[in-house]
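A short worksheet on the structure shown next.
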Amino acid sequence: MTLSYPRKRWSDTAETWIELHLYGGRIPEITYQSRGVGRPTLKDPLLLLGEHTVELDFNKHAFRAKARALKLAHQGRTYEYVATGANKGGTLRGSAVEITTTRNKNPTGKGVSTFGSATGEVDAIDLALAILFEEVDTFDLTSFGATATALNKIRNLARANESASMD
């Protein structure tokens, strides 16, 4: 099986859009688009499985990683993706499947490799989604991401108050 991850970047005003395209072998074609810099992110995501849109939702205001899980829904299938940590992998759970991935240093010493396990009646769609989210920056799904988001909001609120008091 051959998988390809060509990335396209284009600008729409001041935003940079990133596209991740996954296909090959018996894996269904998947396209993921988001705004961000570098890797695809969870900012304004669009996930297409073939020509069908996959619904994505996560509670960015929750503090615990489990409560921040990314919810996916597609043609009667529902999934939950929980990030293990920043760039550490995650777990994709469906009604009868669980796929866990872990990112570690490559045993050859060159770069990073992803290792995983799958349980249940896993099919090509399940695997494709788990592989896809290894390439997406899921920092916002982690507890640390929640803390960073909260601190940024406090900092931005303090700056806004400072500039308002200077007026």
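The values are calculated or read from the model by the stated rules, or taken from the named source; none is laboratory data. These numbers were taken from a predicted model, which means no experiment stands behind them. Cβ placement follows ideal geometry from the backbone for every residue including glycine, while neighbour counts extend to all protein chains displayed. Note: accessible area is taken over every heavy atom of the protein model, side chains too, but ligands, DNA and RNA are not part of it. Shrake-Rupley method; radii C 1.70, N 1.55, O 1.52, S 1.80 Å.
Rolling a 1.4 Å probe over the protein heavy atoms gives the stretch 24-167 an accessible area of 59 Å² per residue. Sorting 29, 55, 121 by solvent-accessible area of protein heavy atoms yields 121, 55, 29, largest first, with a 1.4 Å probe.
Explain nothing, just the number: relative contact order of the stretch 73-162, from Cα pairs under 8 Å at least 6 residues apart, as a whole percent. Don't skip to the answer; put the middle values down first.
Numbers: 117 pairs, mean separation 21.5, N = 90.
Once normalised by length, the contact order is 24 percent.
In the stretch 28-167, the portion of solvent-accessible area held by carbon and sulfur atoms comes to 54 percent [1.4 Å probe, whole percent, DNA, RNA and ligands not counted]. In this structure, the residue pairs whose Cα-Cα separation is over 25 Å, taken from 43/110; 43/88; 60/88; 71/105; 66/88; 43/71, are 43/110; 71/105. Checking the a/c ratio against 1.5 first, then a/b against b/c, what shape does the Cα gyration tensor give for the stretch 27-146? Rounded.
Around residue 97, what is the net charge, scoring Lys/Arg as +1 and Asp/Glu as -1 over all other residues with Cβ under 13 Å from its Cβ? Could you put the intermediate results ahead of the total?
On the way: positive: 77, 93; negative: 80, 98, 121, 123, 126.
Net charge in that neighbourhood comes out at -3.
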